[in-house]
Amino acid sequence: MPGAGLILAIETSCDETAAAVVERGSRTLSSVVASQIATHARFGGVVPELASREHLRAIVPVVRAALAQAGITLADLDAIAVTSGPGLAGALLVGITYAKALAFAQNLPLIAVNHLECHIHAVLLNERESAHPESMVAQEPALSLASGLASQAWDTAELNPPSVELDTEPVLALVVSGGHTHLYRARRTAGAWHYTLIGRTLDDAAGEAYDKVAKLLGLGYPGGPWIDALALNGNPRAVPFSFAQIKTKLHLAGRAPRTKAARTAPIANLNPHFLFSFSGIKTAVLRYVELHNLRPEAESRREALFTGPDAPAQPTIEDALAQCDPQTLDLIASFQHAVVGDLMKKTFAAAESLGGRRILVTGGVAANRELRARFTSEAGRRNLRVSFPTLALSTDNAAMIAAAAWPRLEARDFAPPELSADPSLALGR
Ligand code: KG4
Ligand code: ZN
């Protein structure tokens, strides 16, 4: 392995432009994330064309900031890594094109990684860094960019306790984000990671359900953090939402709705007990809202918080709380309780059936407080171990891209010059 094993990683698969420099997949020298939340918030979801445009504006300053914060230049690097899928085609292409150009100009190898694999490596990176705390990067100043891009500082405040070397044990990973709710068995053999798909959502991802329910209730985008905070003030048992057992045969026969992404992946060989579906609970919340005539209230909440003339520049959770009556807070708490309960039930059932002792929960929704608390206590009850990434590594970032790229650099597993975006790139068999 030449050099110090320094990888510059670039991530542009959705609505964060991110770059990071990580040494040997285990020491983060810098991690810069420019979020496009401000751009997409008023639409209540990511607008693909706007995402590509914002990536184009941010990519150069974000990469420069990552190099500067790491205190290195392009000449110090050993490889460039980039997310090649899954994600938004136009957004992925910005990162891929820039990464290719840098690799070509610097005569460096290019490493392509799967975004889902990277979420799993976010936890592995945390594990390695907490085993060697001296290697952790200090709190870095947030990157401020003009053009309405919000930014997120690198946070190392909340870390998993150091644990045994995770890399040798098979793990069950739940990747739960705005685009995915997937269960994988991950294992490292002969230096390379192998993944087997165990379960997945047939329609919406859990994060998507959070975002849609938040939009319906006149809350901000992305919905997860709002629902997470407001749920603390409601009764989680007030509305008894339930998840029906998934009828795989209907899905296989095409007689049940599946999203475009869900249609592309085979489910025939998966255990129906490990399949998820979140479109039903979204519809159940909608029905509850209509039945109890909560729509006008949600509309005035949206105006008071975001669209009205007196809306605060940056509404806080306290502002939102002041706009929510107890019935809405109970609805929010009950929705979250049901979603977390369903994620738990299937994840623990899969872990037990595979005989694994380790569970990783990763992706944007893994930032959720109720999820972390309930997974942790259930794991304790069952004598299993569960790990989460730090909050900064839960949502999209490029440090996790570099961490996933490291074993490929060691194996000299490089991307071909014709690398292109693969919006529905699958992970594992
Ligand atoms: O991993 P991520 O940043 O991007 C994707 O790859 O999708 O995940 C974003 C998703 C959004 O749906 C957002 O609402 C959700 O993660 N999210 C949360 C929380 N923070 C972010 N969901 C629940 N609770 C949170 N605290
Ligand atoms: Zn992600």
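Shown is the FRET efficiency for Leu74 and Leu50, computed with R0 = 30 Å from the Cβ-Cβ distance and rounded to the nearest 0.05: 0.55.
With R₀ set to 41 Å, the beta-carbon distance separating Thr316 from Ala89 gives a calculated FRET efficiency near 0.70.
Within a straight-line Cα-Cα reach of under 19 Å, Lys345 can be paired with the following aspartates and glutamates, leaving aside sequence neighbours fewer than 8 residues apart in one chain: Asp203, Asp204, Glu370, Glu378. Be a star and scan the stretch 319-359 for residues whose amide nitrogen sits under 14 Å from the point 7 Å along the Cα-to-Cβ vector of Glu378. Only 336-353, 359 pass the distance filter.
Rounded to whole Å, the principal axis extents of the Cα atoms in the stretch 177-217 read 49, 17, 9, largest first.
Considering only Cα atoms, the convex hull volume of the chain works out to 138 Å³ per residue.
Kindly state, to the nearest 0.05, the FRET efficiency for Ala192 paired with Leu354, given R0 = 25 Å and r defined as their beta-carbon distance. Please report the intermediate quantities before stating the final value.
Numbers: r = 20 Å, r/R0 = 0.79.
The value I calculate is 0.80.
Normalised by the number of residues in the stretch 31-141, the mean separation of alpha-carbon contacts (under 8 Å, six or more apart) gives a relative contact order of 23 percent.
Seen from a random direction on average, the alpha-carbon convex hull of the stretch 281-356 projects onto 7.0 square nanometres.
Distance from the Cα centroid of the stretch 273-315 to that of the stretch 356-429 is 29 Å (rounded to whole angstrom). Our compactness index for the stretch 1-105, the C-alpha radius of gyration over the empirical 2.2 N^0.38 Å, is 1.07.
Restriction of the trypsin sites (Lys or Arg not before Pro) in the stretch 1-81 to DSSP coil positions whose beta-carbon has at most 14 other beta-carbons within 10 angstrom yields Arg42. Here the simple spin-label model places points 7 Å from the Cα toward Cβ, and for Ala41 and Gln106 these points are separated by 3.4 nm.
Within the chain, which is the longest segment containing none of the GluC sites (Glu not before Pro) that sit in a DSSP loop and have at most 12 other Cβ atoms within 10 Å? Between the exposed loop sites, the longest stretch runs 166-417.
Values quoted throughout were computed directly from the atomic coordinates according to the rules given, and no laboratory measurement underlies them. The structure displayed is predicted, hence computed values, not measured ones. Don't worry about glycine lacking a Cβ; one is built from the backbone with ideal geometry, like all the others, and counts go over all protein chains shown.
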